[in-house]
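Before any comments, here is the structure.
The values are calculated or read from the model by the stated rules, or taken from the named source; none is laboratory data. Please read these numbers as outputs of a predicted model, since none were measured by experiment. Glycine gets a Cβ as well: all are built from the backbone with ideal geometry, and neighbour counts include every protein chain shown. Areas reflect the complete protein model, heavy atoms only, side chains present, ligands, DNA and RNA absent. Shrake-Rupley method; radii C 1.70, N 1.55, O 1.52, S 1.80 Å.
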Amino acid sequence: LKKKLEKFGQKVVFEAKDGYEAIEYFFQNSDKVDVVTLDISMPILNGLEALKKIVAFQKDVIAFMITSHGEESMVMDAVEIGARGYILKPITDEKLEKLIKEVEKK
């Protein structure tokens, strides 16, 4: 994902190995983060739980979920929590370009 984002001119400031690490980084560096992408299936703290904590910390965060087939119901939960949308695996250039355009509209 990082390589694909950079291919489209985006700067990736951090990659977390799990949901807990993602929220810790965000809490300490939210001023450096324009967009958060979270995989629903993350170790230690899943993407939904991480999203809840991030949104509680900064309500207007622009967050998108990454998901696999079969997790669509969890995507609806994520949108209710505050995600602006999602991208379905496998992540193609076309899907990522569409997501970037959505973010740029915000």
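Protein heavy-atom surface of region 1-79, 1.4 angstrom probe: 52% of the accessible area is carbon and sulfur, with nucleic acids and ligands not counted. Between Leu96, Leu38, Leu51, the residue with the greatest mean-square fluctuation in the GNM of the chain (Cα pairs under 10 Å linked by springs) is Leu96.
The mean accessible area for residues of the chain, using a 1.4 Å probe and ignoring ligands and nucleic acids, is 62 Å² per residue. For region 11-53, the residues whose backbone nitrogen is under 18 Å from a point 7 Å from the Cα of Lys95, taken along Cα to Cβ, are 36-42, 47-48. Cross-link pairs exceeding 25 Å in C-alpha to C-alpha distance, out of Lys7/Lys52; Lys53/Lys95; Lys17/Lys59, comprise Lys7/Lys52; Lys53/Lys95.
Sort the chain into rounded, prolate or oblate with this rule: let a ≥ b ≥ c be the square roots of the eigenvalues of the Cα gyration tensor; rounded if a/c is under 1.5, and if a/c is not under 1.5, prolate when a/b is larger than b/c, oblate otherwise. The shape class here is rounded.
Computed extension gain for Met76 through Glu15, at 0.36 nm per residue and net of the alpha carbon distance, reaches 19.6 nm.
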